[in-house]
Ligand code: HEM
């Protein structure tokens, strides 16, 4: 990432590598240059070819017609009315995490690895939202959960070591064996859930679409992703559970940025308390869009530490970019989200955390392609509203109940498919008294 910072300072909009006569990679990091690429339809998401085994033919990796069919299938699962149902689940999962924190604090452990805790919490809520499956992963481990984590690490190792890109080599290595075994565990698990839910649906008919009917409160259950997909009377596309990772990264970095900027943290806390004080329950509902400064802090954190740093595209026709340049068909393009977010031409002092950049007054002149944590265009993140709602719920409840302070050492950023840290993200916590 430091290298990208240097490239952006020197080249300002794009640069290219020529690896021999046939293999060229173009890297772009300016809103005007990434815009036509995001908007193009003649594209295949190259992403991580090695990932295909994990997701079957999941959306992130598929191409052309296959992609547009799967995207159409998934879209209803992210409809606003469906997302509303998940807010209760976010509350439940964050409550479990906070209970754990209180226990650890009582045992005298005041510094925690935020990545570890938040990753388990987002996985917990994603499994409840997608499969209505209570994995209890925040409390205990299981073969399925271990396999999901193992796959993330193995994919990065495979991506980094070029000989492993060939299946016939990889299959013969110890890592390859572990990879395929973990894939089988994850596939068998999801296949069993889908099978079970299909027969339930045939027997009992569709569940009602209402928060009041959520699993925890009554006999009936919330409509989850699998219901929506099964009800669309189509084959269920593989929906990756890997997506909890991006939200976990986003949350961990928001916590870090607010820990290192106490004034901003205090301002968020008083905004949150103003909204929640006087309520009968501690449950946060979907009215969280009334937190303008908190939302600005989330955005600034997504700018400074975008969970997905780059998206990769392969264009099946020539692409024109400003300055009369053309990227010839067949080139690999790295659309650098990190580079665009750190481009000093767009963001003065890009390394500084300053939520006021997202004040509506200060955003007026900026291109909408200057801030693209969820990508843009037809292949943008389908889970954007889901992720933002979860970020707001978790942040609101956490800041209401805890003060977050910097840990004993500064984290070092590390790219591992998503923006992580080299050795955890230690932060200190101080419990607060909540006034109703
Ligand atoms: C802060 C959290 C998240 C960030 C920053 C993020 C970011 C992204 C980005 C940059 C892409 C585009 C990849 C590309 O163009 O190659 C993407 C795609 C996608 N995201 Fe997210 N994501 C987040 C959370 C989620 C969640 C929670 C879900 C599901 C519940 C999700 C589901 C997807 C799917 C299915 C795609 C593929 C869309 C397509 O190819 O049409 N994302 N995400």
Relative contact order, percent, the stretch 338-386 [alpha-carbon distance under 8 Å, six or more residues apart]: 29 percent
Protection proxy ranking, peptides 352-362, 18-28, 89-99, average beta carbon neighbours within 10 Å, highest first: 89-99, 352-362, 18-28
Two-site label geometry, residue 71 and residue 204: point separation in nm, points 7 Å out along Cα→Cβ: 3.4 nm
Percent of Cα-Cα distances greater than 21 Å, calculated over the stretch 338-416: 51 percent
The chain - percent relative contact order, Cα under 8 Å, separation 6 or more: 26 percent
Sorted by Cβ neighbour density within 10 Å, fewest at the top, the residues 299, 184: 184, 299
Order by protection proxy (mean Cβ within 10 Å, highest first), peptides 301-312, 257-268, 130-141: 301-312, 257-268, 130-141
Computed over the chain, Kirkwood Rh from alpha-carbon pairs, angstrom: 23.0 Å
Ranked by how many other beta carbons lie within 10 Å on average, peptides 334-341, 157-164 from highest: 334-341, 157-164
Segment residue 365-residue 143, length gained on full extension (0.36 nm per residue, minus Cα span): 74.9 nm
Most mobile listed residue (245, 188, 224) in the chain, GNM with C-alpha springs under 10 Å: 188
Size-normalised alpha-carbon gyration radius of the stretch 62-197, reference 2.2 N^0.38 Å: 1.29
Pair residue 136, residue 84: separation of 7 Å Cα→Cβ label points (nm): 3.3 nm
Alpha-carbon Rg/Rh ratio, for the stretch 298-436, with Rh computed the Kirkwood way: 1.03
Mean-position separation - Cα centroids, the stretch 314-355 and the stretch 167-198, in angstrom: 36 Å
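Rule-based calculations on the coordinates, nothing more; no lab input. Everything numeric here is computed off the predicted structure, so don't read it as measured data. Heads up, the Cβs are rebuilt from the backbone with ideal geometry, glycines too, and the neighbour counts pull from every protein chain shown.
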